1. Please give the number of the condition B:LYS43 fails out of (1) over 24 Å from B:THR185 (Cβ atoms); (2) in contact with a His (Cβ under 8 Å, 6 or more places away or on another chain).
2. Determine whether the stretch A:105-115 contains at least one residue that is within 9 Å of chain B (Cβ to nearest Cβ), touching a Phe, Trp or Tyr at 6+ places or on another chain (Cβ under 7 Å) and of a type outside the set (Ser, Thr, Tyr).
3. Among the residues of the stretch B:128-145, is any at the interface with another protein chain (Cβ under 9 Å from one of its Cβ atoms), under 20 Å from B:GLY20 (Cα atoms), touching a helix residue (DSSP H, G or I) at 6+ places or on another chain (Cβ under 8 Å) and surrounded by 15 or more Cβ atoms within 10 Å (Cβ to Cβ)?
4. Among the residues of the stretch B:101-129, which ones are over 30 Å from B:LEU72 (Cα atoms) and either in contact (Cβ under 8 Å) with a residue 40 or more places away in the chain or of a type outside the set (D, E, K, R) (or both)?
5. Name the single residue that is surrounded by the fewest Cβ atoms within 10 Å (Cβ to Cβ) among those in the stretch A:14-59 being touching a residue at least 24 places away in the same chain (Cβ under 8 Å) and assigned to a strand (DSSP E or B).
6. Filter the stretch B:158-205 down to residues that are surrounded by fewer than 22 Cβ atoms within 10 Å (Cβ to Cβ) and among the polar types (S, T, N, Q) and give me whichever is nearest to the other protein chains (Cβ to nearest Cβ).
7. State which residue is surrounded by the most Cβ atoms within 10 Å (Cβ to Cβ) when the search covers only the stretch A:76-99 and only residues that are of a type in the set (D, E, K, R) and within 27 Å of A:GLU186 (Cβ to Cβ).
8. Could you list, in sequence order, the residues of the stretch B:1-21 that are among the aliphatic types (A, V, I, L, M) and in contact with a strand residue (DSSP E or B) (Cβ under 6 Å, 6 or more places away or on another chain)?
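The values are calculated or read from the model by the stated rules, or taken from the named source; none is laboratory data. For clarity, every value in this text was computed on a predicted model and none was experimentally measured. In this analysis, Cβ positions are derived from the backbone assuming ideal geometry, glycine residues included, and neighbour counts consider all displayed protein chains.
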There are 2 protein chains.
Amino acid sequence: MEKERGILFVLSGPSGVGKGTVCKALREQKLDIQYSVSATTRKPREGERHGVEYFFKTKEEFLDMIENKQLLEWAEYVGNYYGTPIEYVNSTLDEGKDVILEIEVQGALQVKNIFPEGVFIFLTPPSLDELRSRIVGRGTETEDLINNRMSVAKEEIELMRHYDYSVVNDEIDAACNRIKAIITTEHCRVDRVRPKYEKILGDDK
Amino acid sequence: MEKERGILFVLSGPSGVGKGTVCKALREQKLDIQYSVSATTRKPREGERHGVEYFFKTKEEFLDMIENKQLLEWAEYVGNYYGTPIEYVNSTLDEGKDVILEIEVQGALQVKNIFPEGVFIFLTPPSLDELRSRIVGRGTETEDLINNRMSVAKEEIELMRHYDYSVVNDEIDAACNRIKAIITTEHCRVDRVRPKYEKILGDDK
């Protein structure tokens, strides 16, 4: 039987919601899913390997990738470029493996334009109060900065409507279980499995 | 916060695939989901209680329910009527509880006409050979009867396209886990949870 193509899962959500923590917890569960590897112009840190943590690129190479539409999304952050190479995602999906991509809300919307068949998961805070206390809890930011981050987060939550699923990050384990349920469920969608059954029935005729 | 309405899950699949066995295994897991109670004109057996195993009806009452469109679906089977009362399903959903309904493929399509917002799950055999051996394994049916049941099953599998999900019943536990994943996932769908977040954001303005 022909191998089914993998599914791209895009995990995003407002700044402060805990995307990184949830993604780390998912990784520790050793699911049968590939984590996307980003391209970056930042210099490798001690122990980081090309093609594992990142694809390390010069600025010229990165700008060429943008120019040649080889990135699903990209952004500049503190003077360095970061982006998701389409080629890596596509070749992994072609091998029949699912890919998970953890990115910011704006980046996820870029991905959706190029890759509408992806599954878009929005990680949401249980409440705005809880989001505020997570942002406050991160460090010693001023009241103004906190209010600013809260209003950005609220704008990001309004972008939830472009996503397929909303997963509440009330507890990390619960959020991970919901994401795993979504991965299982997406593989059961009739649109995805019908061709296989039509082949079975066709072969039997 | 306003209580979210429950979701109707309709579990169906070709005759012989093991719907009853999977549903029984699900029940034993004591999920937070209500099993639909059918109406029937069949006489109660020892220990069966009205409103628990079935709603017991006279033939006149049942025909009235059909006439008044009070059934999501119905069928006649060996001289008795069986059907799903809309009222029971709707009032359970209104309480915020999910409902699961296990029925034949044709009945499920009737439900879909009246209740398109339901989630339709098609239980599929891992292969046609496996389905045949399950049908054979049931008893002492003749080769002709088995072939007949197989061709009915194949026609039913073609109706999978009207469903949302296809769950392979390779092993009961695995099938149950997929169904549980679908239940969890459907509660994460953005269309369902967005009104809640819009309210949170609205209240905060």
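1. Of everything listed in (1) over 24 Å from B:THR185 (Cβ atoms); (2) in contact with a His (Cβ under 8 Å, 6 or more places away or on another chain), B:LYS43 misses just condition (2).
2. Kept after step one, since they are within 9 Å of chain B (Cβ to nearest Cβ), are these residues of the stretch A:105-115: none.
No: zero hits.
3. If we filter the stretch B:128-145 for residues that are at the interface with another protein chain (Cβ under 9 Å from one of its Cβ atoms), which is where we start, we get B:128.
Of the ones still in play, those that are also under 20 Å from B:GLY20 (Cα atoms) are B:128.
From what's left, touching a helix residue (DSSP H, G or I) at 6+ places or on another chain (Cβ under 8 Å): B:128.
With surrounded by 15 or more Cβ atoms within 10 Å (Cβ to Cβ) added as a condition, the list becomes B:128.
Taking every residue of the stretch B:128-145 in turn, at least one turns out to be at the interface with another protein chain (Cβ under 9 Å from one of its Cβ atoms), under 20 Å from B:GLY20 (Cα atoms), touching a helix residue (DSSP H, G or I) at 6+ places or on another chain (Cβ under 8 Å) and surrounded by 15 or more Cβ atoms within 10 Å (Cβ to Cβ).
4. From the stretch B:101-129, those over 30 Å from B:LEU72 (Cα atoms) are B:127-129; that's our starting set.
Result: B:SER127, B:LEU128.
5. The qualifying residue surrounded by the fewest Cβ atoms within 10 Å (Cβ to Cβ) is A:TYR35.
6. So the residue we want is B:THR184.
7. Applying the first criterion (of a type in the set (D, E, K, R)) to the stretch A:76-99 yields A:76, A:87, A:94-95, A:97-98.
Still in the list and also within 27 Å of A:GLU186 (Cβ to Cβ): A:87, A:94-95, A:97-98.
Working: A:GLU87: 13, A:ASP94: 11, A:GLU95: 12, A:LYS97: 15, A:ASP98: 19.
So, considering only residues that are of a type in the set (D, E, K, R) and within 27 Å of A:GLU186 (Cβ to Cβ), the one surrounded by the most Cβ atoms within 10 Å (Cβ to Cβ) is A:ASP98.
8. Here is the first cut: in the stretch B:1-21, the residues among the aliphatic types (A, V, I, L, M) are B:1, B:7-8, B:10-11, B:17.
Across the stretch B:1-21, the qualifying residues are B:ILE7, B:LEU8, B:VAL10, B:LEU11, B:VAL17.
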